[in-house]
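Okay, structure first, notes after.
Just so you know, all these numbers are worked out from the coordinates, no wet-lab data involved. None of these values were measured; they are calculated from a predicted model. Cβ: placed from backbone, ideal geometry, glycine included. Neighbour counts: every protein chain shown.
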Amino acid sequence: MSKEKAQALYMQILAEQAKAQALANMNKLAFDPQGRILVDVEWPFEKIQEEFRTQFEEEINDQTELEEVLGQKISLVTTVSLDISVDEALKQKFYETVELALKKAGSPKDKAEKLATQFKSLPKGSIIALQQELHFHLALVSRVYQKAQKADKLNNKEQEMQAAHQAAMLRINKLVMGSLAQGLLESSSKRGGKINTAQLNKALDKARKAILPEAHLILLEEIARHTGQIISKADLETASIKKIAEQTTATPNDILHTTKKGLVVLIEGSENTAHKRVIGKQFAHRRIISHEMNSNNVVVANQNPRLQIRTPSPVVKEDLQNEEEYIQDASEKLGQIIKDYSLKGQLTADDTKPKAYVYNSYTAINDRLDDLTSKNRQTKSAIHILQGAHRYNALQLEKNAEDAVFCLVQNISVNGFGDTLGYDRGNALVQESTLMAELAMLHTISDIISDESLKVIRKKDKPGLESFETNEQKGKIKKVFELYKEFLSRPDREPFFADSPEGRKAILLIKELKADWRNEINFSSIDNIAENAKLGLKNIMANNLHWRHENAKIVQVLSVFSEKVSLGGCKSGNERAQAINGRVALLDDLLNKDEKDMPEMDVLYYLATTAQSGSPIAVNNIAALKKSVDALYNERGLQSAMSLVSLVDQGGPAKVEAKPEGLYVSRNFAEEKIDTIDNLSQKNSSRFQAHKKLTGMMFDAIDGNLQNWWARMKSTRLGVVGAVVGIVTVFPAAITAYNTYKDNKDKVAAVNCSREEAVKQYTPSIPMVSRGLAGLGCSGNAANFDDDRCGENTKGKAKDNEMGNKKGLGSTLTLVVEPDEDSEGPEYH
């Protein structure tokens, strides 16, 4: 039994459990615009034992044994983002809810039916997942309220806080579905009634801004109702609350994202955030495991398995004394990856290359404007990472040369800023980044070099062709890595490999390899996706196409897709990492699915053409490949599984936007141009993020979301101009100030009244949340795993109680216990 097959079975068991729980609670579902529901699944141990025994004849006795079989640590609770398409009843309920929301929004019955039907066939992976965003945002807010309290108001109230979060999410879902309906109507008002995803997302992005303040108010009211406590600013550590928020995840749970006839992705849970950078071995890396769900809802193992890890920068920003300490700290963190994921036992060396994992770094090199105007220290960090990797690699070589695992840094900026790669730039950091990136790429593609002698021919004098052996190329690759080892073995080595005598020899050998490759033609069919990705990388490298900003994303995508072990990330491990991992996920899906549509075939065709020829014509091939991948990502992948990492890490969606036409300086414009990525609308995403506006929104909600008089002055059609005129003429400004004061006073009174009434409804003697499932009324332990009778079993309650006590806050559900009297679905306002 392979680890990949074990992972696929484990993920299928979780998905089935989530579906069973959803079906048992059909009147308590809070749907996301993507057609998803969030369900928390406790570890179904007995079901796992049964399935592993039946399918693999493997006995699993405890969590440790399961983790060993999976090759992965797991959390006791997994939050499942369940695609409703896996079940007809769930699917029907969702579209009935959408149709009802359209009617509530004023759509005539026939038009609502047609629009809901059209929405069924619309690709959902790029639609803003507004319910999921709000779920994880408020989960983080709830945890921050508990962590940042000065008094003991919320002590030992984890279950009550979960229940408050659940109740809030059901109320908020009415607002979300109302916004979806309004967005569907607006986006289909032109173009003959056809829904436009770009316009729909613009409407949902506006809804982010409109709903979020109200969502905070709703949460505070539900906290009062479920805990009997009204939270005030005096209860909180206001001076440190932002730092607390930045260092707290929305949930410590593993996250499972399912897609029918698509990828099923398991994202490792963590208590560490990207913004919690501490000295020592700890940093917020998360493993990402991807397998495929077929048309029968069976999860099958990925045909191109890799160990894929998302990471923020391993370099701390401050608190160390000198450069030496920063390098040493980075070295220890890169080494910890090898220990945490047991890479010594998972990687293999051969006669050509050593054991190694690749650190795909997406940050800019020598981005002078960012270095001057921000505290990101990206250029300094790039130096520390490269030198830290050399230091750790040298230590491995010294301790055990035969079993050493190297870290090879492939730093290619994907946001279009900073310097491009190249050996002729006259900059030591650029030269080192270029050489180490090419070492990493050699390591990734070396196996197709070694076995391609029967599939590769070399151009002779026109028009003749001749076959040739690749042993000479293998020998050169082997020599490059031997030179690197010689460099590492010298105690007096230079800070950079590229500046050393060994490095200069390696550069010459790589140039010879590139010249060879430019004269080759490779024969590989369109179906050999994994092979074509490596051949494409070889031809890209041969023509130095990885030295161009416009090719950076596709180069890193093909690299991560092809590497055995990839540690990939940017400063935060969210924005740029999402852009790369989202595209890698598309290739994983294409590799593993049986049926492919036209946009998917375009990607495979251009990948094959990029793989076939090493001549400079590959410049055109890579441009076509990049365009086809970007188009598919824009249509289906912008808000898919990989976007969840940002939600759990910082409480909100990634703040990354498509590049506009003309000049721009913001580093948030890190995606492709707006004419290519037109479905991306992230203008209001920073309002959700812990390091941006999250804590400010918390304080505003405590006060009652009072309106600023200047904001009110600007709210007329004349905007700022009208506000300025009003100030100059004095009288309008005075009237506005008085009305703002009066309205705010009334609002404070109303908010206080609602919270006081909520407190009166608090009943401490009634359990707020059912053990194990946080309010589903059906235990998620193995004894209660039963699709047909979920909720009727009474076995396993002792274990259920024990497991429930181990859960961390944040493992909340969008399935709630409060009775739903409206059998037609929730009301919308």
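Along the range 626-638 the Karplus relation, 6.51 cos²θ - 1.76 cosθ + 1.60 evaluated at θ = phi - 60°, assigns HN-Hα couplings of 4, 4, 5, 5, 4, 5, 5, 5, 4, 7, 10, x, 4 Hz to successive residues, with x for each Gly and Pro. Under the simplified labelling scheme, the GLN761-SER525 pair shows an inter-label distance of 6.3 nm, with each label point 7 Å from Cα along Cα→Cβ.
Which of SER361, SER2, SER559 comes first, and how do the rest follow, when ranked by fewest Cβ neighbours within 10 Å?
SER2, SER559, SER361
Simple spin-label estimate for GLU595 and GLU494 gives 5.8 nm between the two label positions (7 Å along the Cα-to-Cβ direction from each Cα). Sequentially through the range 34-51, phi angles give Karplus couplings (6.51, -1.76, 1.60; θ = phi - 60°) of 6, x, 10, 9, 9, 9, 8, 10, 6, 4, x, 4, 5, 5, 4, 4, 4, 5 Hz, Gly and Pro residues having no value and appearing as x. Applied to the range 187-194, the Karplus parametrisation 6.51 cos²θ - 1.76 cosθ + 1.60 on θ = phi - 60° returns per-residue 3J(HN,Hα) values of 6, 10, 6, 10, 6, x, x, 7 Hz, with x for Gly and Pro. When the range 303-639 is described by a simple charge dipole with +1 on each Lys and Arg Cβ and -1 on each Asp and Glu Cβ, the residue from ILE327, LEU386, THR348 located farthest towards its positive end is LEU386. The alpha carbon centroids of the range 162-182 and the range 66-100 are separated by 18 Å. Computing FRET efficiency as 1/(1 + (r/R0)^6) for GLU661 and GLN118, where r is the C-beta to C-beta distance and R0 is 25 Å, gives about 0.25.
Per residue, the average separation of C-alpha pairs within less than 8 Å and at least 6 apart gives the range 303-639 a relative contact order of 22 percent.
Ordered by the number of other Cβ atoms lying within 10 Å of each residue's own Cβ, fewest first, LYS261, LYS157, LYS109 fall into the sequence LYS109, LYS261, LYS157.
Please work out the C-alpha center-to-center distance from the range 466-525 to the range 593-623 and express it in whole Å. Measuring centre to centre over Cα atoms gives 27 Å. Close amide H pairs (under 5 Å, H built 1.01 Å from N) link TYR359 with LEU408, VAL409, GLN410, LEU567, residues at least 5 positions away or on another chain.
How many percent of Cα pairs in the range 303-639 exceed 39 Å?
10 percent
For the residue pairs LYS339/LYS596; LYS147/LYS760; LYS344/LYS692, the C-alpha atoms sit more than 31 angstrom apart in LYS339/LYS596; LYS344/LYS692. When PHE56, PHE487 are arranged by Cβ crowding within 10 Å, least crowded first, meaning fewest neighbours, the order is PHE56, PHE487.
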